[in-house]
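All remarks here apply to the structure that follows.
The values are calculated or read from the model by the stated rules, or taken from the named source; none is laboratory data. In this text, all values refer to a predicted model and were calculated from it rather than measured experimentally. Cβ placement follows ideal geometry from the backbone for every residue including glycine, while neighbour counts extend to all protein chains displayed. Please note that ligands, DNA and RNA were not included when accessible areas were found on the heavy atoms of the full protein model with its side chains. Shrake-Rupley method; radii C 1.70, N 1.55, O 1.52, S 1.80 Å.
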There are 2 protein chains.
Amino acid sequence: MNAEIIAVGSELLLGQIVNTNARFLSRQLAELGINVFYHTVVGDNPERLKSVIKIAEDRSDLIVFTGGLGPTKDDLTKETIARHLGKELVMDEQALESIELYFKRTDREMTENNKKQALVLEDAQVLPNEHGMAPGMISDNGGHVFMLLPGPPNEMEPMFLKHAFPALQSKLGTEDVIVSRVLHFFGIGEAMLETEIVDIIDAQSNPTIAPLASDGEVTLRLTAKHSQPNTAMMLMDETEAKILSRVGEFFYGYDDTSLMYELTKLIKENNMTISAAESLTGGMFQQEFTSIPGAGGLLKGGVVCYTNEVKAEVLKVRKETIDNDGVVSAQCAAELAENVASLTNSDIGISFTGVAGPDELEGNPVGTVYIGIWIKGNPVQTEKLNLGGTRAANRVRTVKYGCHFLIKALKESQSA
Amino acid sequence: MNAEIIAVGSELLLGQIVNTNARFLSRQLAELGINVFYHTVVGDNPERLKSVIKIAEDRSDLIVFTGGLGPTKDDLTKETIARHLGKELVMDEQALESIELYFKRTDREMTENNKKQALVLEDAQVLPNEHGMAPGMISDNGGHVFMLLPGPPNEMEPMFLKHAFPALQSKLGTEDVIVSRVLHFFGIGEAMLETEIVDIIDAQSNPTIAPLASDGEVTLRLTAKHSQPNTAMMLMDETEAKILSRVGEFFYGYDDTSLMYELTKLIKENNMTISAAESLTGGMFQQEFTSIPGAGGLLKGGVVCYTNEVKAEVLKVRKETIDNDGVVSAQCAAELAENVASLTNSDIGISFTGVAGPDELEGNPVGTVYIGIWIKGNPVQTEKLNLGGTRAANRVRTVKYGCHFLIKALKESQSA
């Protein structure tokens, strides 16, 4: 079954809102093993909507519409579809009742045009709306399934999960199960990663392998189909093992993870606490760390040492270091990491000092960064980066490299 | 000129990412007076991409493509368009040079498939990529303009603003000038703002007034059309004056500003320095502050005092305060603000302490926040917030309120 998702609403074409519904529905349909080949957005215009419906009928089996089910004149999705299919709109008594109840509950007055929302395509399966007024519907028309869903995500998403997903599942009968898995890599570029495994990608059709790069990271999505879930998983395991035998050193986690999440998990496992001294990153490491639910308790705190004065006065970087090595140096990073841990009495200290840009500093080009890592009982380590991006990108990458190096160091000290 | 935006990338159809590019481009094209009638998303598949191009040629004058310009085999946007238009792809020497430079600067090895990124449509106007490798291009083909842009927003957006926007402007020739202005408000909800000025919105067609709410802020976008730029500006000035006579107390700035930007501007004007003590915000204030270009020098640094231990040991909050008032208190916020300023020898100290959630703290419900503000020569001030959102939203709003209150306090101390 091939699907297309059509969002109806001029607010999308004006850029007032983002089409997050298409993302949600794409993920859901992928879980059902339905291929989504197109997303379309069209405005509140019956002629253009009609032309879009005709195009969709030529190329898709399942056509999912979002939006245009509201009470105003602009809302014309079901009217246009009814005309196109030659069907009547009929009053759905249950939907009408639930709309009346909604107004009673919220103590607001019901207007005549709200009744319009209870009209549904004759013969359609009605999908109740438990978070708003407009019901959804599924209409099966000789080869094409039309699904109409409301636009607001807080109405559409629960409706889809509770009512539309099982309805589609039973329509599909006993077909293949689709499972997917995302592998996360850091420290290798997309082109390099692909070069390393191009023969695996080319030889592979089940699972498929899709690379994606963003913000200095690369992910590979493996997607396998099989009538037996266990076999689908096994196919993915085999392909994953092949991939990791080539580029395993850059692999750090599965699915909805992040470097920061992996780091907090590891620190928790080690029963440790951490603190940070941040110069060029200005607090970004600690802010991201504390944004991970449950990680707050692991971070004692830290110092944003943007100026040399704070590096010297608060974090006690030695005068000789600042005078001789400069603040953009391995020596400064080392002292910052050790001293912030001792100031806050933490098991781990991490530091970031360098040149985010746009201007160079102490003769060091933009993108020169030193990261210091001190773990209780171990000598302090430092790493140097040469980043080549904008100020914002350099800060983001510096934090990611910090997580990456600290994860490595923690694993080494665990296995030592 | 009618436009269509086509995003190419299977990751969109799998729901891995959201098509924010369509939103950005829709807004920009609206500014130029170009109607966007369709958004389309298609996967990395040459046949389906070709069919989508044909459909777009039937209904749109300007066809903007995003994505598929990368180095991997999946990336086939320009190859497919070239074949469809019967054009050659030629090596753009400048783009190649900039790619080589990028690899040299970042100290990474260039692979053969990276060279592919420097190929452009013959006769195309090349749009330099200053934040990545793949150049964009504009190709004019008898009635249809094809624009190809890279997929990553951090490359696409600056490229569009700097190179594509002016190119389109000159293609459009001497039509009405469209000017727009964004007014930023903080401390008033969207519904309330709209209620206050609904009669102005209804009476108004030039400029149009479009409200938009996001992240606790509300903006109004005024857009005026006129053959004379001066007249268009005057029309906007008049409408703005009417609006600000009603809700001026919540207004804080124009266009691409932010509360943080306005704050850094004011601190610079006052020739002052600042430092911050951050508990629940975990470094977010300082991270945002230092992300504003040129603001780094104004922030001396500060302390992330996530634990009570760091509040007491590093920031010297008194034992009686912690024992009697608790850390979620006006007294604690006051001491944090004064002490962080004195620790770092700054003119301004700001502090954030409270309950981000998900759990309550010291019997205070989620969303209870105290902000402390100390400005040299003035008594310390505190403000209490009762926020009701998620952990992430509460942190973001806390930082915004901090900027808002500090801006107010600085203006008052200026005028005193």
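Rolling a 1.4 Å probe over the protein heavy atoms gives the protein assembly as shown an accessible area of 42 Å² per residue.
With its label point put 7 Å out from Cα toward Cβ, residue B:324 sits 5.0 nm from the same residue's point in the other copies, in order from shortest. Rounded to whole numbers, the Karplus 3J(HN,Hα) couplings from phi for the stretch A:370-384 are 10, 10, x, 9, 10, 10, 2, x, 10, x, 5, 10, 9, 10, 10 Hz, using 6.51 cos²θ - 1.76 cosθ + 1.60 with θ = phi - 60°, and x at Gly and Pro. Pairs of Cα atoms nearer than 8 Å and 6+ residues apart set the relative contact order; for the stretch B:2-172 it is 22 percent. Of all aspartates and glutamates in the structure, those lying under 16 Å Cα to Cα from residue A:50, and not within fewer than 8 positions of it along the same chain, are A:4, A:58, A:74, A:75, A:79, B:58. Working note: 222 nm ellipticity from helices only, DSSP H runs with n ≥ 4, each -39,500 (n - 2.57), summed and divided by the residues of the protein assembly as shown, gives -12500 deg cm²/dmol to the nearest 500. Measuring between alpha carbons in the structure, the pairs from A:316/B:316; B:311/B:408; A:311/B:104; A:265/B:319; A:73/A:116; A:73/B:242 lying more than 22 angstrom apart are B:311/B:408; A:311/B:104; A:265/B:319; A:73/B:242. For the stretch A:207-232 versus the stretch A:131-187, the inter-centroid distance based on Cα atoms is 21 Å. Measuring from a point 7 Å out along Cα→Cβ, what nm distances, shortest first, does residue B:107 have to its partners in the other copies? Inter-copy label distances (nm, one decimal, shortest first): 6.6. When both the stretch A:77-127 and the stretch B:340-416 are represented by their alpha-carbon centers, they are found 48 Å apart. Summed over both chains, the accessible area lost when B and A associate is about 5600 Å², using a 1.4 Å probe. Overall form of the stretch A:2-172: rounded. Here a/c, set by the Cα gyration tensor axes a ≥ b ≥ c, is under 1.5.
Relative contact order for chain A: 10 percent, from Cα pairs under 8 Å spaced at least 6 residues apart, divided by residue count.
Database remark: amide H of residue A:36 closer than 5 angstrom to the amide H of A:3 (H placed geometrically; neighbours at sequence offset of 5 or more, or on other chains; Pro and chain starts carry no H).
Shape index of the protein assembly as shown: Rg/Rh, with Rg the Cα radius of gyration and Rh the Kirkwood radius from the inverse mean 1/r over Cα pairs, equals 0.97.
Just the number, please: carbon plus sulfur as a percent of the accessible area of chain A, 1.4 Å probe, no ligands or DNA/RNA counted.
48
In this structure, the amide hydrogen of residue B:347, modeled 1.01 Å from its nitrogen in the peptide plane, lies closer than 5 angstrom to those of B:273, B:274, counting only residues at least 5 positions away or on a different chain.
Among B:340-346, A:334-340, the peptide with the highest mean count of other Cβ atoms within 10 Å heads the list, and the full ranking is A:334-340, B:340-346.
The HN-Hα couplings worked out from phi for the stretch B:155-172 by the Karplus form 6.51 cos²θ - 1.76 cosθ + 1.60 (θ = phi - 60°) are 9, 5, 5, x, 4, 4, 5, 7, 10, 7, 4, x, 5, 5, 4, 6, 5, 6 Hz, whole numbers, x standing for Gly and Pro.
With Cα atoms as the point set, the radius of gyration and Dmax of the stretch B:287-416 evaluate to 14.4, 42 Å.
The trypsin sites (Lys or Arg not before Pro) of the stretch A:247-336 that meet both conditions, a loop assignment by DSSP and at most 15 other Cβ atoms within 10 Å of the site Cβ, are A:316, A:318. Each residue of the stretch A:55-72 is assigned a 3J(HN,Hα), and the resulting list reads 4, 5, 5, 6, 10, 9, 8, 10, 10, 9, 9, 10, x, x, 9, x, x, 8 Hz, derived from the Karplus form 6.51 cos²θ - 1.76 cosθ + 1.60 (θ = phi - 60°), x at Gly and Pro. Label points for residue A:85 are taken 7 Å from Cα along Cα→Cβ. From this copy to the others they lie 4.1 nm apart, shortest first. The residues of the stretch A:300-318 occluded by other protein chains by 10 Å² or more of accessible area, set against the chain on its own, are A:300, A:301, A:302, A:303, A:304, A:306, A:307, A:309, A:310, A:314; surface from heavy atoms, 1.4 Å probe. Here the spin labels are modelled as points 7 Å beyond Cα on the Cα-Cβ line, and at residue A:411 and residue A:50 they lie 6.1 nm apart.
Within the stretch B:54-134, the GluC sites (Glu not before Pro) that combine a DSSP coil assignment with at most 14 other C-beta atoms in a 10 angstrom radius are B:88, B:109, B:122, B:130.
Electrostatic tally near residue B:71: other residues with Cβ closer than 10 Å to its Cβ, Lys and Arg +1, Asp and Glu -1, net -2. Here the simple spin-label model places points 7 Å from the Cα toward Cβ, and for residue A:237 and residue A:272 these points are separated by 3.2 nm. Between residue A:392 and residue B:182, the modelled label-to-label distance comes to 1.2 nm, taking each label 7 Å out from Cα in the direction of the beta carbon.
Shielding of peptide B:99-109 by partners, expressed as the average count of other chain Cβ atoms within 10 Å per residue Cβ, is 3. For residue B:68, the residues whose modelled amide H falls within less than 5 Å of its own, excluding neighbours fewer than 5 places apart on the same chain, are B:151. Panel note: contact residues of the stretch A:26-50 (accessible area lowered by at least 40 Å² against the chain on its own; 1.4 Å probe) correspond to A:37, A:38, A:39, A:41, A:48. Classify the stretch A:177-254 as rounded, prolate or oblate from the Cα gyration tensor: take a ≥ b ≥ c as the square roots of its eigenvalues, call it rounded if a/c is under 1.5, otherwise prolate when a/b beats b/c and oblate if not. It comes out prolate by the Cα gyration axes.
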